[in-house]
Structure formats: structure tokens, C-alpha cells
Amino acid sequence: MSGLGGIVEMPVVRLESVVHRYGKTTALAGISLDVPNGQMIGLIGPDGVGKSTLMSLVAGAKIIQAGRICVLRGDIRQRRHRDAVCTRIAFMPQGLGKNLYTQLSVFENLDFFGRLYGQSKRERRQRIDRLLSATGLAPFPDRLVGQLSGGMKQKLGLCCALIHDPDLLLLDEPTTGVDPLSRQQFWELIDDIRSQRPQMSVLVSTAYMDEANRFDWLIAMHAGRVLATGSPSQIKSQTLRDSLEAAFVSLLPGSTDDRQATLRIPPRPTNIEELAIRAEGLTRRFGSFVAVDNVNFEIERGEIFGFLGSNGCGKTTTMKMLTGLLPPSEGRASLFGKAVEAGSLDVRRRVGYMSQSFSLYSELTVRQNLWLHARLFHLPWKLRRSRIEQLTKQFGLESSLDQLAAQLPLGVRQRLSLAVAIIHQPEMLILDEPTSGVDPVARDHFWELLVGLSREERVTIFISTHFMNEAERCDRISLMHAGKVLACDAPDKLSDARGGGNLEQAFIAYIQTAEGSQFATSAPRLTPATLPANTDTSSAPPAASLFRLQRALAYSHRESLEILRDPVRLGFAFIGSALLMLVFGFGITMDVNKIDFAVLDQDRSPESRDYIGALIGSNYFRQQTSLYSQDDLERQLKEDRISLAIEIPPNFGRELRRGTRPQVSAWIDGSNPSRASTVEGYVQGVHASHLRDLAMKGGHLSARPDLRIEQRFRYNPTFQSVYAMVPSVPAILLVLIPSILMAVSVVKEKELGSIMNFYVTPTSRLEFLLGKQIPYVGMGLVSFGVLTIMDVFLFGVPIKGSGLMLLACAVAYIIAVTGIGLLISSFTSSQVAAVFVTTIVTILPSIQFSGLMQPVSTLEGTAHWMGVFWPTTYYMHASVGAFTKGLTATQLVGDFLALVAFFPVLTLLATAALRKQEQ
Amino acid sequence: MWQRLSSIFWLGTKELRSLKRDKVLLAFLVYSFSLAIYVQARGTSSDVHNASIGIVDEDRSQLSRRIANAFFEPNFNEPVLIEAGEVDAAMDASRFMFVLDIPPNFERHIVQGRPAEIQVNIDATAMGQAGIGANYIQAIVQREVSRFQSRSDRSAPLAIELVIRRAFNANGNPVWFASLMGLVNQVTMLTVILTGAALIREREHGTIEHLLVMPLTSLDIALAKIWSNSLVILLAATFAVYVVIVRALQVPVAGSIPLFLSGVAVYLFFATALGVFLGTVTRTMPQFAMLVILIIVALQMLSGGMTPIDSQPPWLQAITFFLPSRHFVSVAQAIIYRGAGFSNVWPSFATVALMAFGFFAAALALFRRSIASR
């Protein structure tokens, strides 16, 4: 504790008039704040007040728009400082397991983070073992993160954050959606860690006011501003309230003190009512996973029945079974005495359902949403307008009628959802976590509406929540955990049954009883030896540098694991390219053979039959029918029965014998001009050879000098499409698919949030890009192998030239095209955009300007230059050269060098375009 | 019944409103049915264009120079004179698509009426142009030689005159073909993307569950998506035909445009059903996007809009028979170019409708099942 006084002087984080905006919305409206060192600081406030923005700014993950933020004695705006301190900061973003990799196991996740901080294999092993045993995750090192419960994910997230012994730990809503037992364990864990590392500062944000009591110092936020700071007791005494929630409400601007924070719920008439809902042994399995296990309850009409439990405990699944959205695997549910059948329309008219998260059409206005639902529920014509007007007034939606639902504040949106859910005056309401993320005032308002519906209109309300204080307002509640209902009774009776504490403690006690049967000790406490020793500060992780192979390989390793476990991407890469190879290889063919034709022979002489015979004998043409008239000829062409019609005039034979040059007409179907040109060429060829035969027979040969034009079809003597197309197609597929997958892999991290690990760890941009590129180059090479095997064995196009040089070109080409994918990923932000932009950007130059349709040398202007600066040009040339033209390695070296040149340019551009911070 | 129809109607108007708000998709839609078709039609050329040609003139006579001068733009680039020894290297490096070799004493042999031979080397890997270009070269050389001869002596005229006429597109204008096929491809692509994306958007936003707790069946939901998206594409296609193809690109239409548009409507039933199908089998937008690319490319490549159906191997033709896009392409070509009437094309209409119906039934079954299993 020596020197503590000196440290306390200097705040660990100092904010000076920090402003942050997203478009027109202001997230932070000028915040100035000193955060004391070595303490546990709570950032409290409901969703959307700017807590997360503040956290990411402090972590250096977001670019500061205005103001100054000093973190660990330096300006976090400066890159040098960020690079220096990022190894001392750990950031766990909001969302369950947001920065974890769901396809990776617990151990693999931790191992990845260890590698990023440059720890040796031995060191990683030791640290991981200690962290896992400290958090009780030790029995599951090989479980995939996607299969962990919310509480376990958060513990793992904490482990990942602690792997490098940070001095500043930032936890953004670490306990939202986690069951109360795990929540308690989580806080105990943090307390233990702090007792071992007292110099560490922890900044935690939370929306649960009741949790805030355990923090040393609080920052209460609302609408981008700080309402108050101080210790919990200071804040409570300041506002003369005895709970933090009440204190917070009274701090809100414009809050009137006469308004009582406590909501009054009139007692429910106790006479026995008919049953509204009955569940008997409801069970739902997804594969081997039991989501809901033998759930029973009965709910009376007009009752407010609460379902309390953490995320993923089966609340939503139970509700879906009650509404008929999901058929139960076992058991029965009945509403108003009738069994719920999946898809029964009758039940739906009597039930209103409000699903988790806002699920109305955010692209419609409030009015449009209301009208749409009134129509879909077939409200009688005359009632519609009055019902909508009544609801608008009752729910206070008048002022926002013409606003888009997307632009509404969360509280108003939830009211709109409720209005829509009851528009058809249902007898029962099923509400799935309707108030998560809503601020306390709006939540009380929402509850007033619910109480009114229940007590005045006798609507049965079935509501799920993970807020204890909401559960206390229900007539009866069910405690749900891991698919099972642990207990079901009135809230105060439940708390009394378990020692008379509050509901949360009762719930924890119930969970412990339930889990006690499974695990003897579910929450191992830390002993001093369990945490990694960090006395030696010289073994601090290396700071960010331009390029460290270990970090790049950490990304490669992780990406490879993810690819191998993702059937969709693997399927797209290999089955997709094989399928397209078949389609292109067989589908694009310029060969025209067996042209259907017919003859209108108006002469019927030996000479005319001779002429027709020449056509048939040429093998290009296939005679269909005989034509009877000019009309018939036109009709046959029109109906697409023939592509060519030959008209031989009357007296053809006589005129030929007389030498008066009879005229033969050929009609070609010109719909497809390129095909028509080919047909024309064939007709002329046959015609010319027939004339030569005639001349030879007639002995006129000497009359004309014999000009022979010898056509030498080089490389492809039989002039078959397959020899030109099949080697060209891989060039297109290898640019399209690897570049799409590459772009998606980066953008996916942006979309899912794991890019945060790149922002806040000492990874350099080059390490990130090259690390991610390596597995895709490998994947591209496997594709190349598959396509080459198809070329040779399926299409029968052998490699006549240098196969080794072709392989070298393929490597260079795939590096170049994945580079294009990386470049595109730097300016797209959604995976869909990445797929379509990459397709549009790569397909056009690859098909039109790279020599498939016409050689690059013959293109003009922009098209020519696009071809010259596009790698496909060189690879396609090399591929056709190696396969069909039989070019040697030295003849292909030019293409290889051109392909190699793309790599530094693209890498440089992609590195420059990639941001190390969020916008 | 009446109630269901009204539900389907109002649900469809919701789709239209959503689309109206999605500026990116709207911009993509407008671009695809205007500029994209225009550029594609103008930009592609199936004819020989700027073909590179090299000439080895070992004769250096008046005739050989005349032949060399007979190649000019737009079909050919200005010929480059090269040495006989360079031919192989130049062709290996793809400098020339064609190399003409005029042997020594060529003119003398022609004048003396002795047999003479010119060699044309063709890069037969340039499939699109090599064949047609070779024919052009042959014709040009023959013309120059006979002009040269007619100056020096009169030879017997050809015994039979061949007059070649092209039906439906007399000048072989590539714009006609490219514009219509461009439209057909855009219809397929946009419809599938629009419908599938609408479905996945509902799933991702959770609104699909919201719909399912209302008195609506999955059939109602699917039909609402089908009619609204079909209407949008049909309007876009109508615009593209009248404004882009007929007005801007000046393509003459032989048949009835309303008949063509009703063909589009029938085809849209299939394409929207495909969208529903793909939107159901994929769980997320990125998966959908990847799958769409694979399917669309196959549909477009094998429909006869790029290369003729006749050129496909027979076993492939048997498979592509089951692609509605193939029948749609043939209907489109028959009506627009050949002026076919309803009596000519109704079998194709019926085939497309039948396939669309079958596909729709399958897609709907899958859609129902996917909802039940969530």
C-alpha cells in the first residue's frame, strides 16, 4: 500500500468535455469526469444513455470525436499512447460473449488471447489453468462457447480479459441477462481478484440499480450526461431516497417529487376463476438439448403471472409453445380449456403476444403499424378508427403517430408494441421480456398499463422478466432455471419460504438447491495461489509493433478452426466452386453443331437434291421437315423449330446447267446474333465446297486459279470450346469465391463485434490482415486442386505445359484475390454488402475484361486498363497457356511476375484502409 | 375467404411500404432495370471487334500489300507486319489472335493461274471470336484476290449465288439480343433477392413470429410476399421494356409487349417462390447471399440467354429442361424477336406455370416446417 496516496491523486481516467454523436443522435453530450484510481467504479443508467460509448472511448476502441480522454496518464487519442497502454487495459464489451468466438472451445478462446499478448505456450497453459479453476470453468475446457450458458460465457469473457493482468478492467454490462446465482458468483470473483490486485481499477456499467450498491463509487448517467457521482450512500443521502433506483428516478431531469416511485397494484379479486392457461408436463427438445423440461402451471383469468429467469433458461421457448409457435416435444398446453394446436387461428384471435425485443415493423410509422394490425386482425370496419384512437390516447402515442417506429425512444416503442398486441382486445397477453433496457420511469408507466388491463379489463397477463423488482409486482411467479421451473407461488411467499430475505436471495437459494444435486461445489473461491502471479512487472507483454509473426499466426490458427467448423462456408468454397465449374464448363460453349434446318425446294431436280445433300453431308446441319411454302418457312422459323431455312427457286437445275447463276436463299434465325454469325459461316463454307465439287466435276477447275486459304486452328485444332473454356473458368471461380469469403470473414467480425479484440489488443493492422489471409489462401489452393482435377479428369483437358508454373501462378493469384477481398472488407460494414459488392466488383472485370470474351489486347479505353490492372487477366492467360497452349515455365514467368506484383500493392491499400478504432 | 384475401392484400402493402423505406435496395432496383440493362446491351459485342492481326509478308508484292490494307476497324486492329520467325512466340504471348502468312511468289502464282496458298493462324483458344474472325479473313482475302484478278483477267463467275438473309434481326445487331437477355437476367436476380431478403429480414428482426401469432397462415404470408414483390418487379420490367429497350435502345419489338409482360408475370411466380425457398433454407443474410450467387449464376448460364441451349450436351439439355428460366428465355425471344402470338407460346407458359406451382408447393411446405421447428 506504499505510495497509494500518490496514485489516488492521479485519476485513472479523466474525461474533459467529451462529446460523441451517431448521425443526429447525441450519445455523449459533453462529459467531464475524473475517475479515481484503484477502485470499483459503477456506471449506472438504463440502456441507450451512452454508457457503452463511454466505455469504448476509454478503452481506445472508438475514435474520439470531441473532447479529451486521459487513460493511465496519457492521452488515449494518441496512437503511441494507445499502443503503449493497450496491454494494461482489458475491455469486455456488452452482450453475452460478444468478443468471444462461438465456434471455438473455452480453451481455444483463452489460448487465442494469450497468443495475442505474446505469451509462450507454457505460460499460456499455466495462466489458463489457473483462470479456469478460479472461475469454476475447469471441467469444460473443450466445450464450444456457443454451448455455454450466459453466466459461463461471462466468466469466460472475464478470464479472457484477465489473461494479461490488466491495470484497468472495463466491464460493459457484464451481468445483463445472467441468472442471479451466476451474477452473485461473478461479483464475488471480481471482489477476490481485486483483493489480490488492489492496484487494479475496475469500471463496470450496469442497468441493474440493485447491483450498484456494491461499488465503491458511482457515475449515474442519463441521456448522454452525468447526473451525479459519488459513493452509493452519498447519492442516496443526496436525494433523500433509501434505494438507488428511487434515487436515480429522482435525479432525472423534470422528475416531479410528488410522483411516488412505488407503483400501486390493486389486489386481485379472489373469487375462483376459470383457468386461462394450463401447462402439463411441457417439454421441448432441440436435438439432444432439453430447452424446457417438464413444466407445469395453471394461471387463472385476470392474473398477472411472472416468469423469472436468466437468458436461455427456457422462458421464451415455453412462451412459444403456449402461443402455438412451437409444438411441444411432450406434454400439453391449453388456453381457456382448449388444447393449443400449432397454427390454430382461433386461439390467436384471443391471445396477444409481444415477443422479446421490438418486433414491429420499424420501417413503418406508428400509425401504419396500428392500422396494419387492425386490418390483419380483421377488426370490424367501423370499430377500427375508434379503437386506434382509443389506444393512441391510452398509451400516449398521439405525438409520435407519424414517426417511424425505428426513430422512437425505447420506452415509447415498447408501448407501441403493447398497443399493437392488444389491438384486437385479447383475453390473454403473453409478454416476453417487454421491459428489458427500458428506463425505470418508462417501466413504471408500462406497468401501470398492464395493471389497468389486468384489473379493469380482466386480461390474463403472462410476463417474463429478469428484473427482480418487476417480478415482485406479479400476482404469482415461476422461478425458472435451466429449463426447469424451480418454484411457483406469490413473490412474498417464495421469499418467505427461503429465509425471508428478498426475492433474489430466494432465487439464488432455489438455484443452489437445484444445482447442488449436480455439482458439489459450483462456485470455487479463489485462494491466493489461484491467480497468476504478476509480481514480476518486467515480463509485461510486448507492446504493439508493426509485425509479430506469433500474433499473425494466432489469427490464422483461430480463423482456420472457425472455417473448419463452419459447414456453410466450407460448402460454399468447395461444393460451390465445383458446381459452378460444372455449370460454366458445360454451360458456356460456343460450339454450334447439328443446326436444325429445313428446305423449301421449289425445283425438285437432281441438282437441287445435290445441293441439299451437301448440307446434310456436312454434319453441321440436321434436316427437320420439308417446307411447303414461303408462309410455312416463316412459320417454322417463328416457332423456333428450325434455325435455318434454305429456299431453292424453281428452275434451279435448268439455270445451273445453262450457267445463268441461279440464286439460293438462306434464312437464318437472327435472334441470337453470335449464333447466327456462326451458322452463316457454316452455310458459306458448305456452299463454297459444293461449288468446288461442281467445278471439279464439270472440268472447270482450270478456269479459276486455285486459291487455298489454309486455316490453322492453333492450340485447339478441333476448335472445341471445352479446351478454351475449361482452363479459363477456374480463373473466374478463384477470384469470386475466395475474395467473397475473405471479405465476409473480416466484415463478420465487425458485425458480430469480435473485431473489438483487434481494436483493444496490441495487434497491428498488418498482423490482423495477413493472419486472416493465410487460411483463405490455403482454402483457395485446395479449390485450385479440386478444379484442376475436374479439368483433367472430368472434362478431359490435359495440362500440356508447365503444371508447376501454373501452381506458382495460382498461389500468387489467390494471394492477390484474397487481397482484393481484404480491400473490399475495409469499406463494407455488413456481410451482405460484402458479398454483393465483392461479386459485382469481381465478376465484371473477370468475365468481360480479362480475356474470356475477347483478348485484353483488343479492348479499348477503360475496359483495356481495367483488364491490365486486374489479376484475372494474367492468371487466365497462364491457365489457358499451361493447359491448352502447352507453354513452358519460362513462357509463363511474365504472368507470374505480374501476379506477384499485386500482393504488395493490395496489402498496402488494405492496411491503409483498415481502421484500428471504431468510428 | 374474404378475410384471408384482405389479410394477404394488407400484408402485401406492408411489404411495399418496407421496400419504399429501403433506399439501398430501391437504388439497386432502379439501377438494375435501367442503367445496368443499357450498359450491358451497349457494351457487349458478339461480333469480332478490334481483333489483333499480324501479317507475315514474305511476298512483298502489290497484292500482298492490298490484302494487308484490307483489314481495318472496327473488326480488326491495324495489322502489324512481323517476321516469319516471330509467329510462334507472338502467338504464345497472345499478341495476336490471327496471323496471316503470305508466302513468297504469291502474286506471281495468282497472275499465272497457278495454285497458291495463304495460311491463317488462328488462336483457337479465343473461342468467342476465332471462328467468326476466321470466316471474315477468308472472305476478305478472297475478295481482294478476285478484285486483283478481275483487273488482270476475267474469270468465270460463281455457278450458284448464295443470298443469306437473317430473319428477325437483319443486321445482326447485338444490342437487341443483349438488352432482352439483360432484362431477363435482372428479373431473375432481383426477384429472388427481393423476396428472399424480405423473408430473412422478417426472421432476423423477429417479426415473422409476430406474424405467426396473428390469425395468418404461412400460406398467407408467402402469398403476400409473392404478390407484392412480383408487382414491383413487373412494374420495373414494364418500365425497362417500354423506356429502356424500346425507347432508349431502339429495339424493334415484333410481338405484343403485353403478352411478353404476362409471360414475365407467370415467370415471377416461379422466381418469387424460389426466393421464398432460398430465404427459408438459409438462416442468415450472408448465407442467403452466397447461395443466391450460386443459384442465380446457374440459372442464368444454363437458360439459353448466354449461349444457346442447342450447344449444351444432350444430358445437360435434359436437365435444363426443368429450369423455368430456360422456358422463359425462349418465350421472351419468341415474342420479342419472332413476333410469336399466344397460340405459339402457350405451351411454354403452361410449363413455367406448372413448374412454378410445384416449386411453390415445395417452398411452402419447407417454410411451414422451418417455422414449426424453431
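Observations on the structure shown:
- In the set (1) more than 10 Å from chain B (Cβ to nearest Cβ); (2) under 23 Å from A:Lys697 (Cβ atoms), A:Gln636 fails one condition alone, (2).
- Residue list for region A:308-352, restricted to those being within 14 Å of chain B (Cβ to nearest Cβ) and acidic (Asp, Glu): A:Glu341, A:Asp346
- A:Gly499 vs. criteria on the phi > 0 side of the Ramachandran plot, more than 34 Å from the chain's Cα centre (by Cα) and among the small types (Gly, Ala, Ser): yes
- Conditions (1) aliphatic (A, V, I, L, M); (2) facing chain A (nearest Cβ under 10 Å); (3) assigned to a helix (DSSP H, G or I); (4) crowded, with 21+ Cβ neighbours inside 10 Å: number failed by B:Leu316: (4)
- Residue tally, condition within 14 Å of chain B (Cβ to nearest Cβ), part of a strand (DSSP E or B) and over 23 Å from B:Gly339 (Cα atoms), over region A:602-633: 2
- Among the residues of region A:877-906, those identified as under 33 Å from the mean Cα position of the chain (by Cα) and surrounded by 15 or more Cβ atoms within 10 Å (Cβ to Cβ) are A:Leu899, A:Val900, A:Phe902, A:Phe903, A:Leu906.
- Scope region B:64-106; condition charged (D, E, K, R), part of a helix (DSSP H, G or I) and surrounded by 19 or more Cβ atoms within 10 Å (Cβ to Cβ); matching residues: B:Asp92
- Test: residue in region A:380-391 that is of a type in the set (Phe, Trp, Tyr) and closer than 20 Å to A:Arg455 by Cα: no
- Subset of region A:710-732 [more than 7 Å from chain B (Cβ to nearest Cβ) and of a type in the set (A, V, I, L, M, F, W, C)]: A:Val722, A:Val726, A:Val729, A:Ala731, A:Ile732
- Lone qualifier among A:Val856, A:Val841 - being under 20 Å from A:Ile737 (Cα atoms), surrounded by 15 or more Cβ atoms within 10 Å (Cβ to Cβ) and assigned by TED's automatic domain parsing to the domain that holds A:Leu752: A:Val841
- When we screen B:Ala27, B:Ala51, B:Ala41 for residues that are crowded, with 21+ Cβ neighbours inside 10 Å, closer than 30 Å to A:Ala833 by Cβ and among the aliphatic types (A, V, I, L, M), the only hit is B:Ala41.
- When B:Phe177, B:Phe148 are screened for being crowded, with 17+ Cβ neighbours inside 10 Å, among the aromatic types (Phe, Trp, Tyr) and outside the structural domain of B:Pro324 (by TED's automatic domain parsing), only B:Phe148 passes.
- Filter result (part of a loop (DSSP other than H, G, I, E, B), of a type in the set (Ser, Thr, Tyr) and facing chain B (nearest Cβ under 10 Å)) within region A:826-853: A:Ser830
- Some residue of region B:275-287 being under 25 Å from B:Glu204 (Cβ atoms) and under 20 Å from the mean Cα position of the chain (by Cα): no
- Residue list for region A:78-127, restricted to those being over 30 Å from A:Gly312 (Cβ atoms) and touching a strand residue (DSSP E or B) at 6+ places or on another chain (Cβ under 7 Å): A:His81, A:Val85, A:Arg88
- Total residues in region A:658-683 satisfying the condition of being more than 7 Å from every other protein chain (Cβ to nearest Cβ), in a helix (DSSP H, G or I) and not aromatic (Phe, Trp, Tyr): the figure is 2.
- Of all residues making up region A:71-91, the number that are out of contact with any Leu (no Cβ under 8 Å at 6 or more places or on another chain) and either charged (D, E, K, R) or not in a loop (DSSP other than H, G, I, E, B) (or both): 9
- Yes/no for A:Val204 being buried (at least 23 other Cβ atoms within 10 Å of the Cβ) and touching a Leu at 6+ places or on another chain (Cβ under 6 Å): yes
- Selected residue [assigned by TED's automatic domain parsing to the domain that holds A:Val686, basic (Lys, Arg) and touching a residue at least 24 places away in the same chain (Cβ under 8 Å)] from A:Arg657, A:Arg635, A:Arg661: A:Arg657
- Hits in region A:364-397 (condition: under 37 Å from the mean Cα position of the chain (by Cα) and within 11 Å of chain B (Cβ to nearest Cβ)): A:Leu364, A:Thr365, A:Gln368, A:Asn369, A:Trp371, A:Leu372, A:His373, A:Ala374, A:Arg375, A:Leu376, A:Phe377, A:His378
- Residues located in region A:166-200, provided they are among the β-branched types (Val, Ile, Thr) and within 28 Å of the chain's Cα centre (by Cα): A:Thr175, A:Thr176, A:Val178
- A:Gly803 vs. criteria more than 22 Å from A:Thr872 (Cβ to Cβ), touching a residue at least 60 places away in the same chain (Cβ under 8 Å) and surrounded by fewer than 24 Cβ atoms within 10 Å (Cβ to Cβ): no
- The set of residues from region A:14-36 being surrounded by 21 or more Cβ atoms within 10 Å (Cβ to Cβ) and either under 24 Å from A:Ser243 (Cβ atoms) or not hydrophobic (A, V, I, L, M, F, W, C) (or both) comprises just one member, A:His20.
- Across region A:133-158, the number of residues qualifying as assigned to a helix (DSSP H, G or I), among the hydroxyl-bearing types (Ser, Thr, Tyr) and under 25 Å from A:Gln94 (Cβ atoms) comes to 1.
- When each of B:Ala130, B:Ala198, B:Ala116, B:Ala134 is tested for being farther than 30 Å from A:Gly653 by Cβ, among the small types (Gly, Ala, Ser) and in contact with a His (Cβ under 7 Å, 6 or more places away or on another chain), the lone residue that passes is B:Ala116.
- Search result, residues across region A:574-596 that are at the interface with chain B (Cβ under 7 Å from one of its Cβ atoms), among the aliphatic types (A, V, I, L, M) and not in a helix (DSSP H, G or I): A:Ile588, A:Met590, A:Val592
- Only listed residue being surrounded by fewer than 18 Cβ atoms within 10 Å (Cβ to Cβ) and either assigned to a helix (DSSP H, G or I) or assigned by TED's automatic domain parsing to the domain that holds A:Ala291 (or both), chosen from A:Arg122, A:Arg130: A:Arg122
The values are calculated or read from the model by the stated rules, or taken from the named source; none is laboratory data. The structure displayed is predicted, hence computed values, not measured ones. Note that we place each Cβ from the backbone using ideal geometry, even for glycine, and neighbour counts take in every protein chain shown.
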